[in-house]
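In what follows, a structure is listed as structure tokens, so that the remarks can point back to it.
Every number here is computed from the coordinates shown, using simple stated rules; none is lab data. Because the structure is predicted, anything quoted here is derived from the model rather than measured. In this analysis, Cβ positions are derived from the backbone assuming ideal geometry, glycine residues included, and neighbour counts consider all displayed protein chains.
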Amino acid sequence: MDTFPGEMSAQCTECEMGEDADDFSELIDFYEKHQEHTGHVVDWVTEGELGATVTKETEYVVHCNTCSLDRGFSNEKEAEEFREEHGEYTDHFADGIRRDRSWYAVCNWCGQSETFSNEKSAKEWHETHQSKSESHPDNQVVSTSRDRDQITTIKSIIDRMAEEHEAGAPIPLVHVMMENHGWLKSNINEEIQNLRRKGEVYEPKKGYLRTT
């Protein structure tokens, strides 16, 4: 199952129906079927920050001076089990387990990331990165020329998102990014369908897109 920062749901703009799901394919099913049966415009609603994520990570490190060993684990139980095994399969015991905390900042548009020793530095990195990057939606303007330029822009969006998701570019996120680039919500689905008909993009898995 693919995930993304923040929460996303499909909500009809003309009635009270909507869908919340953890799986992209379930959101896509509601999006397509509700529009097919009602003719209503369905909107992607996001909560939280899609631009960046700053998370605190804790690594449990088994340290052994005798072996000059530092072995990291994601949870304390695994670290303790390794520490006990180390004493069983060597002629000495590890010195102990320490907790190393760090803050991981990642840009969800381009994938660039950095690790910091404190939260303040992580947030400052994101603010600087966002303001300097010309490739992010907030810093871009849609080309005024039609057809080929717009096809190139949409395919670039899909390619960039596909690099971050194994199954391809999640269609809900493609919608969000196209809207950030200036497309009208009511036109986005038709633009994507046109690219499918032209053979410019395809759906390798329900709810995902890749370019040809």
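Here, segment 173-212 yields an orientationally averaged convex hull projection of 2.8 nm² when only Cα atoms define the hull. For the pair Arg101 and Leu69, label points projected 7 Å from Cα toward Cβ lie 2.8 nm apart. Amide H contacts of Phe73: Tyr60, Val61, Val62, each under 5 Å away and 5 or more positions distant or on a separate chain (H built 1.01 Å from N in the peptide plane; Pro and chain starts excluded).
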